[in-house]
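Read the structure below first, then the notes.
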Amino acid sequence: MTQPAPVPPVRSYDDAQRARRRPGRGYAWAAGILGAGIPAGLLWWLLAPGGQNLVSGDSALSSGTNSQGWLPRDLVLAGLFVFAGCLVAVLLAGRRDGGTRRMLLLSVAASAAAAVLAWQTGVLAGLWLGGPQDTSANASVAFSLRSLTVLVLWPAAVAAGFFVLRIIGLLRASVDQDPDDNGGEGRMRQ
């Protein structure tokens, strides 16, 4: 009869205590995530319709008066946020103290703040670097974000990505600890 593989602990008590004694490392990590919001906002303005429009290159979408460019503008930011969140999750899972709840919560909170910073950086870049826009018909004529729920994608991608990586790690550890497997020798004898 096979016994269930024991689930490895997320972090031993001593490792967690050592991680808590170095508070500066967690805040530097959060500041790095928060700082990534500025280039993400500038990249959004460069790539999205209404900004420099480098993704589509369609001159009809470059004007904010064309409502067909509003959805792609939001989708470019959504894609940047999902990519950034997945990157943070992978980097967090690779850290020694990445398995602590404190680091996960700090990463999610910093990602939420970075998303807001990226949004405001992109809007500011649109004001400073873009041409003047007549927003009397609709505020979305100026470079802006129509769907504020996009701001949730960065922290959600961090949490979901970290969850998936932890599940894969636990499954891999349970396969490595299976005492009945013996490297497939038992199956060869039958």
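The values are calculated or read from the model by the stated rules, or taken from the named source; none is laboratory data. Quick caveat, the model's predicted, so the values are computed rather than measured. Quick reminder, even Gly has a Cβ in these numbers, built from the backbone with ideal geometry, and neighbours come from all protein chains shown.
Please go through the stretch 164-183 and pick out each residue that is in a helix (DSSP H, G or I) and either at pLDDT below 85 or β-branched (Val, Ile, Thr) (or both). Working first, answer last.
Pass one, the stretch 164-183, residues in a helix (DSSP H, G or I): 164-176, 182-183.
Of everything in the stretch 164-183, those that are in a helix (DSSP H, G or I) and either at pLDDT below 85 or β-branched (Val, Ile, Thr) (or both) turn out to be 164, 167, 168, 173, 174, 175, 176, 182, 183.
Quick grid of which residues meet (1) within 27 Å of residue 161 (Cα to Cα); (2) touching a residue at least 12 places away in the same chain (Cβ under 8 Å); (3) buried (at least 23 other Cβ atoms within 10 Å of the Cβ); (4) not hydroxyl-bearing (Ser, Thr, Tyr):
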{"position": "48", "(1), (2), (3), (4)": "yes, yes, yes, yes"}
{"position": "55", "(1), (2), (3), (4)": "yes, yes, no, yes"}
{"position": "61", "(1), (2), (3), (4)": "no, yes, no, yes"}
{"position": "65", "(1), (2), (3), (4)": "no, yes, no, no"}
{"position": "79", "(1), (2), (3), (4)": "yes, no, no, yes"}
{"position": "82", "(1), (2), (3), (4)": "yes, yes, no, yes"}
{"position": "87", "(1), (2), (3), (4)": "yes, no, no, yes"}
**Q.** Where residue 76 falls short, out of the listed (1) modelled with pLDDT under 85; (2) among the β-branched types (Val, Ile, Thr); (3) under 13 Å from residue 145 (Cα atoms)
**A.** (1)
Q: Note down all Cβ pairs under 7 Å where the first residue falls in the stretch 122-145 and is under 18 Å from residue 81 (Cβ atoms), the second is surrounded by 11 or more Cβ atoms within 10 Å (Cβ to Cβ) and modelled with pLDDT under 70, and they're at least six residues apart or on different chains.
A: 143/64
**Q.** Only one of 186, 161 that is over 37 Å from the mean Cα position of the chain (by Cα) and either at pLDDT 85 or above or surrounded by 10 or more Cβ atoms within 10 Å (Cβ to Cβ) (or both)
**A.** 186
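Tell me which residues, restricted to the stretch 124-141, are surrounded by fewer than 18 Cβ atoms within 10 Å (Cβ to Cβ) and at pLDDT 70 or above. Working first, answer last.
Of the residues in the stretch 124-141, the ones surrounded by fewer than 18 Cβ atoms within 10 Å (Cβ to Cβ) are 124, 127-132, 134-139.
Result: 124, 127, 128, 129, 130, 131.
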Q.
The conditions are (1) exposed (fewer than 15 other Cβ atoms within 10 Å of the Cβ); (2) at pLDDT 90 or above; (3) hydrophobic (A, V, I, L, M, F, W, C), and residue 153 fails exactly one of them. Which is it?
A. (1)
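Table: residues versus (1) of a type in the set (Val, Ile, Thr); (2) closer than 18 Å to residue 113 by Cα.
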| site | (1), (2) |
| --- | --- |
| 26 | no, yes |
| 30 | no, yes |
| 38 | yes, yes |
| 43 | no, yes |
| 56 | no, no |
| 63 | no, no |
| 67 | no, no |
| 71 | no, no |
| 76 | yes, no |
